[in-house]
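Chemist: Sharing a structure with you now.
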Amino acid sequence: WRKRLGEEQLAALLQESLSVAHRAGALQTKDLQRVVVDTTVQEKAIAHPTDARLTHRAIQKLVDLAKREGVALRQSYLRLAKRAAIMVGRYTHAHQFKRAHRALKFLRTRLGRIIRDIRRKIEGNAALEDRFAPLLDLAVRVMQQDHRQRGQKVYALHAPEVECIGKGKARKPYEFGCKVSVITPVTAPKGGQFVLHAKALHGNPFDGHTLGPIIADLQTQTGVEVERIHVDKGYRGHSYPNRFKVWISGQVRRVTKAIRREMKRRAAVEPVIGHLKADHRMGRNYLKGRDGDRANAVLAAAGFNFHLLLRWFERLLRALFAALCRVIGSMQYA
C-alpha cells in the first residue's frame with residue numbers, strides 16, 4: 001500500500017494537515033515564514049550489530065534459503081556456529097580477546113565454506129543464481145568487513161540500507177538508521193507546534209548541506225516564502241544561498257531584540273522530535289527499505305499534526321458548548 005501511494009502522496013497528506021490547521025485558525029501565515037530546522041536519527045528495527053551476530057545470522061539465512069530451494073549442503077555448521085557466536089560474547093565480556101578473535105575467525109571460516117559450497121551447487125542454474133545473488137553478496141560483505149574500515153558497512157542483513165550515525169550523545173554514541181530533517185514554526189501557533197516538513201535523508205549528509213533543498217521543498221509545499229531560519233550549531237558552514245536569512249544559535253552579530261526572542265524559542269523543536277519518536281513511531285522504524293524510511297518520517301509528522309488538530313477542535317467545541325450553555329441559562333432567567 002505504501003509503495004503504491006508513494007512519498008509524494010504522503011507529503012500531500014502532511015500538506016493537507018497544515019491546510020486544515022490554517023483554515024481552522026490554528027496556524028497562521030506568519031508561522032510559516034519563521035521556522036526552526038533540526039535533524040534527528042530515525043532508528044531502524046535492528047539488533048545492535050556485532051561481527052559475531054552478523055556472521056551467525058548470515059550462516060542461518062544461507063542455510064534456510066538452501067533448504068527452501070532444495071540445495072543440499074555438504075555441512076550446515078548451525079550447531080557449531082551457534083556455540084561459537086555465544087562464546088565470542090562470553091570471551092569479550094571476560095576481556096579474553098584472543099579467544100574471542102579465535103572464535104570469530106572460526107565463524108567467518110564456516111561462513112566462507114557455506115558460500116563456496118552454495119556457489120558450486122548452483123553454478124550454471126540461472127534461476128538459482130538470481131535467487132541467491134543478493135544474500136550471497138551481503139554474506140561476502142559481512143565476512144570481509146572490519147570494524148575499523150571506512151565507508152558503508154552492513155549492520156543488518158534484513159535492512160542493508162541502515163547507516164551508523166554518531167550525534168555526540170554520551171548516552172547513545174551511535175544510532176543505526178537514517179537522518180531525518182524536521183521543521184517547525186519558531187513562533188508559538190495557537191494550535192501548537194505543528195510539523196511543517198519532515199524528510200528522511202540517506203547517506204548521513206552534513207546538516208548544513210541539507211538546508212537549501214529542505215527549505216526549497218518547504219516553500220514549494222506551503223507556497224509561503226521563508227523569511228527567517230533558526231538552526232543549531234550543527235549547521236555552521238551551511239551552503240544556503242541567502243546566509244542572512246539563517247540564524248545560528250549563539251550568534252551575536254545582527255541580532256535584534258525580536259530575533260533574540262525567536263532564538264530563545266529555537267529549542268521548541270526538541271520536544272516535537274521527542275513526541276514524534278515516543279508517540280508517533282519515529283523512534284523505531286519497522287517499514288522496509290529506504291522507501292519505508294521516507295514514508296515513516298512523513299507519516300509520523302502527519303500523525304502528530306492531526307493529533308494537534310483533534311485537540312484544537314476539542315477546545316473549539318468546548319468553547320462553543322460553554323457559550324450555548326450561557327445563552328440557554330440567560331434565556332431561562334429572562
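Chemist: Which ones in the range 173-193 are in contact with a Phe, Trp or Tyr (Cβ under 8 Å, 6 or more places away or on another chain) and either surrounded by fewer than 19 Cβ atoms within 10 Å (Cβ to Cβ) or not small (Gly, Ala, Ser) (or both)?
Modeler: Phe176, Thr184, Pro185, Lys190
Chemist: Return yes when Leu27 is in a helix (DSSP H, G or I), closer than 24 Å to Glu262 by Cβ and under 28 Å from the mean Cα position of the chain (by Cα) and no when it is not.
Modeler: Spelling it out, it is not the case that Leu27 is in a helix (DSSP H, G or I), closer than 24 Å to Glu262 by Cβ and under 28 Å from the mean Cα position of the chain (by Cα).
Chemist: Condition test on Ala47, is it under 24 Å from Gly283 (Cα atoms) and in a loop (DSSP other than H, G, I, E, B)?
Modeler: yes
Chemist: Take the residues in the range 293-334 that are among the β-branched types (Val, Ile, Thr) and without any contact (Cβ under 8 Å) to a residue 24 or more places away in the chain, then tell me which one is farthest from Lys199 (Cα to Cα).
Modeler: Ranking the qualifying residues of the range 293-334, first place goes to Ile328.
Chemist: Right, next: For residues in the range 154-172 being among the hydrophobic types (A, V, I, L, M, F, W, C) and surrounded by 17 or more Cβ atoms within 10 Å (Cβ to Cβ), which is farthest from Lys61 (Cα to Cα)?
Modeler: Ile165
Chemist: Would you point out which residue out of Thr210, Thr220, Thr184 is within 23 Å of Arg243 (Cα to Cα) and either modelled with pLDDT of 95 or more or part of a loop (DSSP other than H, G, I, E, B) (or both)?
Modeler: From the options Thr210, Thr220, Thr184, the qualifying one is Thr184.
Chemist: Restricting the first residue to the range 50-72 and requiring it to be open to solvent by 50 Å² or more (accessible area, probe 1.4 Å), which pairs with a second residue that is among the aromatic types (Phe, Trp, Tyr) meet a Cβ separation below 9 Å and a spacing of at least six or different chains?
Modeler: Once the first residue is open to solvent by 50 Å² or more (accessible area, probe 1.4 Å) and sits in the range 50-72, its partners that are among the aromatic types (Phe, Trp, Tyr) give Glu69/Phe132.
Chemist: Quick check on this structure: which one of Gly89, Gly112, Gly124, Gly151 is in a helix (DSSP H, G or I), among the small types (Gly, Ala, Ser) and open to solvent by 30 Å² or more (accessible area, probe 1.4 Å)?
Modeler: Checking each option against the conditions leaves just Gly89.
Chemist: Within the range 204-226, identify whether any single residue is of a type in the set (Asp, Glu), at negative phi, in contact with a helix residue (DSSP H, G or I) (Cβ under 9 Å, 6 or more places away or on another chain) and crowded, with 21+ Cβ neighbours inside 10 Å, and answer yes or no.
Modeler: Looking through the range 204-226, at least one residue is of a type in the set (Asp, Glu), at negative phi, in contact with a helix residue (DSSP H, G or I) (Cβ under 9 Å, 6 or more places away or on another chain) and crowded, with 21+ Cβ neighbours inside 10 Å.
Chemist: Any residue that is of a type in the set (Lys, Arg), farther than 30 Å from Ser249 by Cβ and part of a loop (DSSP other than H, G, I, E, B) - is there at least one of those in the range 59-75?
Modeler: Within the range 59-75 (the criterion being of a type in the set (Lys, Arg), farther than 30 Å from Ser249 by Cβ and part of a loop (DSSP other than H, G, I, E, B)), the answer is yes, since at least one residue qualifies.
Chemist: Check off (1) in a helix (DSSP H, G or I); (2) among the charged types (D, E, K, R); (3) open to solvent by less than 40 Å² (accessible area, probe 1.4 Å) for Asp38 and give me the number that stays unchecked.
Modeler: (1)
Chemist: Turning to a different aspect of this structure: Does the range 246-280 hold any residues that are farther than 22 Å from Leu14 by Cβ, without any contact (Cβ under 8 Å) to a residue 60 or more places away in the chain and surrounded by 14 or more Cβ atoms within 10 Å (Cβ to Cβ), and which are they?
Modeler: Residues satisfying the conditions are Val246, Trp247, Ile248, Ser249, Gln251, Ile259, Met263.
Chemist: Residues to consider are Leu287, Leu308; find the one that is at pLDDT 95 or above and in the same structural domain as Leu201 (by the TED database).
Modeler: Result of the check over Leu287, Leu308: Leu308.
Chemist: Right, here's the next one. Working only within the range 267-300, note down all residues that are touching a Phe, Trp or Tyr at 6+ places or on another chain (Cβ under 8 Å) and charged (D, E, K, R).
Modeler: Asp279
The values are calculated or read from the model by the stated rules, or taken from the named source; none is laboratory data. Keep in mind it's a predicted model, so treat the numbers as computed, not measured. Virtual Cβ from ideal backbone geometry, glycine too; neighbours counted across all protein chains shown. Heavy atoms of the whole protein, side chains included, go into the accessibility calculation; ligands, DNA and RNA do not. Shrake-Rupley method; radii C 1.70, N 1.55, O 1.52, S 1.80 Å.
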